[in-house]
Each structure stands twice: as C-alpha cells, then as structure tokens.
1. For the condition modelled with pLDDT under 95, more than 31 Å from the chain's Cα centre (by Cα), on the phi < 0 side of the Ramachandran plot and not assigned by TED's automatic domain parsing to the domain that holds Glu684, what is the one hit in Ala386, Ala419?
2. Considering Leu466, Leu472, which residue is assigned by TED's automatic domain parsing to the domain that holds Glu534 and not in a loop (DSSP other than H, G, I, E, B)?
3. Taking the stated definitions as given, is Val651 over 34 Å from the mean Cα position of the chain (by Cα) and among the aliphatic types (A, V, I, L, M)?
4. In region 396-434, which residues are free of Cβ contacts under 8 Å to residues at least 40 places away in the same chain, among the small types (Gly, Ala, Ser) and part of a helix (DSSP H, G or I)?
5. So which of Asp370, Asp331 is of a type in the set (Asp, Glu), at pLDDT below 75 and surrounded by 16 or more Cβ atoms within 10 Å (Cβ to Cβ)?
6. In region 602-614, what residues are surrounded by fewer than 13 Cβ atoms within 10 Å (Cβ to Cβ) and part of a loop (DSSP other than H, G, I, E, B)?
7. Assess whether Leu191 counts as being surrounded by fewer than 17 Cβ atoms within 10 Å (Cβ to Cβ), under 40 Å from the mean Cα position of the chain (by Cα) and either modelled with pLDDT of 75 or more or more than 30 Å from Val356 (Cβ to Cβ) (or both).
8. Can you say whether Asn113 is touching a His at 6+ places or on another chain (Cβ under 8 Å) and either at pLDDT below 85 or crowded, with 21+ Cβ neighbours inside 10 Å (or both), as far as the supplied structure shows?
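The values are calculated or read from the model by the stated rules, or taken from the named source; none is laboratory data. Fair warning: this is a prediction, and the values are worked out from it, not measured in the lab. Cβ placement follows ideal geometry from the backbone for every residue including glycine, while neighbour counts extend to all protein chains displayed.
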Amino acid sequence: MQKHSDPQLRSDSGLPLLTTIIIGLFFFGTYLAVERLSPDAVPSLGIALGFLCAYTAISMLVYLFFRLKDRKQRDEQIMFESLNTKMHNMFKYMVGFPYAIVDELGRVRATNNALQELIGAKNPFYRGTVSDICSGVTLQDILDAATKGEEDRNSVSKMTMEAISAKAEEIAEKPPEHVLDQVKDGMIVHLKNGGRYIARAYKMTLNNKVNYLVTFTDVTELFDLKEKTERDMPAVAYIDVDNLEELTQYTRVNYRDASRKVDDILIRWAASLNGLLREYERDRYLLLFSQDRLLQCENDKFSELLKSVHDIRLGEYSIPVTVSVGISLADSTFAERAKDASTALDMALQRGGDQVAVRRKDGIRYYGGDNRPAPRRTKVQSRVVANYLLSKISAAENLLIMGHKNPDFDSIGSCVGLAQLGLLAGVPTKIIMDLANTNFRIATERLCASPTYSDMFISGHKGLDLIRPGTLLIISDANNFGIIEAPDVAANVRQVSGKIAIIDHHRQTGEYDFEPVMNYIDPSASSAAELVTEMLEQTDTGADAENNKLVSDVVASVILSGIVLDTGNFTRNTGSRTLDAARYLYGKGANAEYVHSFFNEDYADYVCERSFSGCALLQNNSVGMTWSHGTGRGADDRVAAAKEADKLLNVKGVHASFALVEVNGAIHISGRSDGSINVQLILERLGGGGRFDSAGAAMSGVSLDDAKHDLREAINGYFAELEEKNQ
C-alpha cells in the first residue's frame with residue numbers, strides 16, 4: 001500500500017535550526033547594545049560568557065521541544081500508516097463504504113477514500129473531528145443514540161482481525177430496505193455533501209490504543225423517496241351534509257334541488273383541489289386530495305367551502321345548509337387513515353357540525369363551528385339510541401351513573417333519569433354523586449325519602465367497591481374526563497370491564513383513548529336532561545302503563561329542573577324538542593312550583609352574588625364581563641358566577657357575557673350567549689369548553705387581572721377571526 005507523508009512534518013524539520021539562529025542573533029544584538037551603553041561598568045568577558053550560557057541553555061530547550069514534538073508526530077504517522085493498512089485489509093469487502101478511525105475524544109485519525117471524497121479531504125489523515133464531518137454531531141452523540149448494539153460495539157475490541165473483517169462485510173451488505181426502520185445502533189447525520197447517512201460507531205483496540213470505527217451508510221435516496229411517498233400519500237376526507245334532510249322536513253323546499261346545489265359546490269371545491277370526490281351514500285362523500293392542497297385549505301380555515309355551503313339558504317326563514325368534514329393525515333396505512341377520517345367526522349358532528357376536523361400525527365384541529373348547531377335528532381334516532389342503551393344496561397352485571405363535579409340540576413336530573421332505565425331493566429343501579437353538594441341536597445330531598453332512592457346515591461369511594469367485570473358506567477352531562485365526579489372510578493371501569501357510555505350536550509373537545517360502548521353527544525340539545533327525557537319517552541311504551549311506574553312525579557320534577565336550569569326557564573336555547581320533553585315530564589306529574597323552589601336563593605348565595613363588583617363592556621358594548629375575588633365559599637362562588645353571567649346577558653345590547661371568580665387559587669369563568677356569539681370557541685382558547693351558548697373554563701396559576709387580560713385577548717381573537725372570514 002502506498003505510504004503517505006505528512007506535509008506538516010516536512011515543513012517543521014527546519015524549525016529548530018531557524019529558531020536557534022533567531023535566538024542567537026537576539027543575544028548577539030543584546031550583547032552589543034549592553035557593551036556600547038556601559039563599556040566600563042561591566043567586564044566585557046563576563047557579559048559575553050553570561051549571554052553565551054543563556055543562549056546555550058535556551059537553544060537546548062528549543063532543540064529538545066522540537067525533537068520530542070517531531071518524534072511524537074512521526075510515531076503517530078507510523079501508527080496511522082500501519083492502522084490504515086490494517087483497515088484496508090479488514091474492509092477490503094467494503095468498496096466505496098465510507099468510514100473513519102477516531103480516538104476516544106472524537107478526533108479523526110484516518111479516513112478511507114470513500115469518506116475523503118464525501119468531505120473533500122486531500123489525504124487520509126484528516127485533521128478534524130467527528131463533529132466537523134457530521135455537521136455538529138459528536139462521537140458521544142452517536143454512541144448515546146444507539147439503543148441497541150451496545151454489546152456488539154463493546155465486543156469488537158475483543159475480536160480477532162478476521163472476525164472484524166467478517167463484521168465489516170456484514171455491515172457493507174446490510175439490505176438497504178431496512179435502513180429506514182428505527183435506527184437502533186446509530187443515528188442519522190448530515191455530511192458536508194448534503195446527504196444523509198446512518199453513522200455507527202464500533203469500539204476496538206489497535207496498537208494498544210482505544211479507537212472507534214465510525215461507518216456511514218448512505219440513506220439519502222431512501223429518505224428522499226420516503227418523504228416523496230409521504231407527500232404523495234393523499235389526505236382522506238369524509239364529508240357529511242349536516243342538516244339538509246332535517247331542513248327539508250320543516251321547510252317547503254325541493255330536497256333534490258337543494259341537494260344538487262350542495263353537490264355542485266362540493267364538485268367545484270374538489271376540482272380546485274385536484275381531488276377525487278365520490279358520493280358513497282346520500283349526502284355523504286369521500287374525497288382524496290394532496291397534502292399541499294390540505295395545507296392551503298387550513299391556511300384559509302376552509303372558509304371557501306363552509307361559506308359557499310352557508311350561502312345555500314332554504315325556506316322562508318333562509319336557514320343555511322351546513323356540512324361537516326373529517327380529514328385524516330396521520331402517519332399510518334391508507335386503511336387506518338380512512339378510519340381516522342371517519343373518527344374525525346364523528347368528532348366534528350358531536351361538536352355541533354358545520355366545521356372541519358383535521359387529524360394529524362400531533363393531534364386534531366378544528367375549523368369553523370361558528371354558527372349555532374342545527375337540531376339533528378329525530379324521534380327515530382331517539383328510539384334507536386334508547387333501545388340500544390337499554391340493551392346494554394340489561395346485559396350489564398350492574399350499572400353505575402355519574403355526572404360532573406360540583407353537580408348542577410342538569411347533571412343531577414339526567415343521572416336520575418338514566419337510573420330509571422336501570423330500574424326498568426332490573427339491573428342493580430347506583431348514582432355516584434357529591435353527597436355534600438348543596439344542589440344535590442335540594443334536588444333529592446323528596447326523592448331520597450322514597451324506598452327506591454333511599455340508598456341509590458353513593459360516593460365515589462364506595463363506587464370503587466362496586467366495579468365488576470360486567471359493570472356498565474354511564475357518564476352524563478360531561479365528556480371531559482378531567483371534570484367528572486369520580487375519575488378513578490372511570491379509570492377502573494375501563495380496566496376491569498371497558499364498558500363506558502357517554503351522554504352529553506356539550507361539544508366534545510378531544511378524542512378518547514378508548515372506545516365507548518355509546519357516545520351520544522348532541523350540542524343542539526338544550527340539556528342532558530332533555531336527551532335523557534327523550535330516551536325515557538321512547539322507552540315508556542314498554543313500561544307498565546297501568547301503574548305508570550317508569551317516571552314518578554318527583555323524578556319528573558328533578559329531571560325538569562335540569563331543563564329549566566340550562567334554558568334559563570325556557571328563555572334561551574329552547575326549541576320544539578325542548579318543549580316536547582317538558583310536555584312529557586309535565587304529563588308525568590312534574591310540579592313547576594316545586595322545581596322553581598330549587599332556584600330560591602339563601603343569604604349565602606346573595607352574599608356571593610353581591611361580591612361581583614367589577615364590570616366592563618367590550619366589542620362595542622356587545623360583550624359583558626364581570627368579576628369577583630370570591631367569598632371563599634367554593635362551589636357557591638362558582639354557582640354565583642353562572643348566575644351573574646345569566647344576569648349580565650339580560651342587559652340590553654349584550655349578546656355574550658362572562659363572569660370570573662377566584663376559587664381556591666384558580667380563576668373560574670362562566671360564559672353565556674344569546675346564540676349570536678359562540679362562547680364555547682372563545683373559552684376553548686383558554687383551555688375550557690362547553691356549548692355554543694353556555695361554556696366554562698378554569699385557569700390555574702394566574703391572578704384575576706391576568707385572567708381578565710387573557711379573556712379579553714380570547715374575545716378579541718374570536719372577533720378578529722370572524723371579521724377576517726367576513727371580508
């Protein structure tokens with residue numbers, strides 16, 4: 001093999017002589033200067049001898065320094081040449097396979113021709129480090145990144161030369177189709193040529209010194225192909241026309257004509273995306289389009305599609321048509337992407353429809369949903385849901401029911417209504433509730449006097465003891481597992497039986513990490529009590545009509561209190577379905593006077609409400625905001641905030657109201673709307689949620705002033721987006 005000499009060694013060979021000459025001239029000049037300045041003060045011979053001794057000593061030191069340095073470099077060169085010869089013999093099978101020999105500090109000692117070409121080195125003895133070759137990546141980074149193969153690296157130092165050669169051949173012949181899997185024995189690095197390589201380090205001992213063999217596997221083309229494949233992998237979208245069928249039932253319009261208009265808009269929109277659109281069921285479509293077009297739509301917040309469909313208005317009241325879209329771009333197979341798109345569509349519909357849900361690897365994003373959701377329920381749907389839930393209850397070993405923490409009358413009433421289904425099915429039923437809560441004691445005072453409900457209500461701690469492999473848990477008036485009454489009970493039910501049903505009228509804010517046996521969410525309903533009432537009405541035909549035992553007058557009153565609460569005594573969010581539910585409850589003996597007694601204030605409530613001394617109007621006096629530092633009464637302060645938000649909404653010209661109160665170091669916000677402003681979208685910006693006209697949020701670790709500022713920013717951001725969409 002050809003020997004290489006280091007140019008630096010040749011250039012250093014004359015340095016000792018040159019240095020001694022310079023030092024000699026310096027001493028000679030100094031001697032002449034001293035001789036001239038003080039010829040009589042110092043004997044000439046003594047000066048000469050002193051300078052000669054100093055010169056001799058310094059010259060010897062310089063000579064020894066350069067001699068040792070020269071010897072060290074020559075030893076290194078001999079070692080490098082020997083090392084390079086051994087590496088050549090070891091890696092004779094690795095033609096064109098780049099590698100480098102580095103020491104423990106990551107300094108490069110030798111490279112082969114393949115690596116020299118990649119980094120532009122002129123000889124194999126590259127004077128640099130691994131970091132210089134790998135764009136900032138150090139040898140230690142490569143070693144730390146290896147989660148597998150540590151044993152292999154450590155054992156290399158004990159291998160014979162023949163064994164190392166065999167290992168080298170194995171590395172060189174590794175099938176390229178596997179390099180895009182998780183790199184378990186190295187890491188991806190960028191070399192100076194701009195390519196991407198898998199760097200692997202193997203420890204070995206040569207010439208009694210510890211070194212590392214760092215190899216580089218070219219994966220540039222494979223990564224480029226993978227990225228191109230991901231770019232070309234189309235996004236999958238499911239499109240559902242929200243309310244067309246329901247609208248045509250109540251307005252005098254031609255269904256086919258309205259459907260054709262929607263179809264034309266979707267065809268034009270798909271054509272603008274260069275996508276493939278197919279209608280697989282009436283008013284339901286499948287769309288495939290590229291990822292770059294999806295990014296354009298997200299930047300535009302899908303306003304082109306949503307606004308174009310909104311422009312289709314039906315009937316004498318010009319009710320707009322709406323669509324919901326579920327899109328998936330998750331890193332998965334095509335079949336899984338289609339399934340995720342269907343799930344995203346369900347999320348959009350459960351949030352009220354009229355919006356787009358885009359699911360990516362990092363989560364799900366929502367666009368639209370600015371308008372009040374249109375009713376989607378029908379008598380047939382309620383009957384199907386009721387029968388399905390009743391069948392699940394009948395098949396259960398026992399039934400547990402719970403609402404949200406700090407229960408209001410809607411949570412309590414809906415839980416009581418669901419308990420009636422458990423009693424009808426003859427399944428042991430318990431309601432998990434905060435037994436010390438004021439609302440609970442008010443609503444269930446008469447109910448608990450009956451034998452049926454005397455031991456129906458239990459605490460979450462006792463609920464843990466009732467979990468069985470056949471337990472069914474129903475969660476009502478909540479779909480956020482962070483606010484339910486007993487999260488530990490829900491977690492245990494998931495592990496033991498996996499049977500959880502959810503019934504709610506709030507928009508679903510996130511995905512579940514499990515599959516519910518039923519997920520019945522309808523934001524168009526006034527309350528959870530309304531949804532449960534419809535189930536009871538559809539099930540009542542199979543009850544003992546003669547004895548009328550399905551719903552008693554006290555039970556009907558408790559359920560009705562939930563509807564009264566969430567509709568503001570039938571003054572907001574009240575539709576024909578709401579009135580039908582109330583009519584059914586009144587027919588079962590619900591007592592309006594008894595229900596209204598639930599809402600009577602005591603002195604403590606009065607004090608809490610009086611603490612809301614601050615008030616402000618925003619957005620041209622259309623949004624009201626009030627606040628309080630609280631009275632230290634916890635749940636009572638939160639209830640007072642809800643009442644204050646309701647009162648502020650009654651101010652002339654105010655279309656949305658927010659009440660903030662400080663409770664136990666956190667700021668609780670209650671939001672209300674008359675239906676023209678989406679308070680749920682506003683409070684989602686602060687980590688909250690709820691419904692279009694009724695929402696809430698809790699902010700921890702902030703002061704009341706900071707919470708007011710953040711709420712103002714959220715309100716301004718909401719109106720800024722509306723203005724942008726309307727332009």
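1. On the way: Ala419 fails: modelled with pLDDT under 95.
Within the list Ala386, Ala419, the selection yields Ala386.
2. On the way: Leu466 fails: not in a loop (DSSP other than H, G, I, E, B).
Exactly one of Leu466, Leu472 is assigned by TED's automatic domain parsing to the domain that holds Glu534 and not in a loop (DSSP other than H, G, I, E, B), namely Leu472.
3. Yes.
4. Ala419, Gly422, Ala425
5. Asp370 is the lone residue from the list that is of a type in the set (Asp, Glu), at pLDDT below 75 and surrounded by 16 or more Cβ atoms within 10 Å (Cβ to Cβ).
6. Within region 602-614, Asp602, Ser613 meet the criteria.
7. Spelling it out, it is not the case that Leu191 is surrounded by fewer than 17 Cβ atoms within 10 Å (Cβ to Cβ), under 40 Å from the mean Cα position of the chain (by Cα) and either modelled with pLDDT of 75 or more or more than 30 Å from Val356 (Cβ to Cβ) (or both).
8. Numbers: touching a His at 6+ places or on another chain (Cβ under 8 Å): no; either at pLDDT below 85 or crowded, with 21+ Cβ neighbours inside 10 Å (or both): yes.
For Asn113, the condition - touching a His at 6+ places or on another chain (Cβ under 8 Å) and either at pLDDT below 85 or crowded, with 21+ Cβ neighbours inside 10 Å (or both) - is not met.
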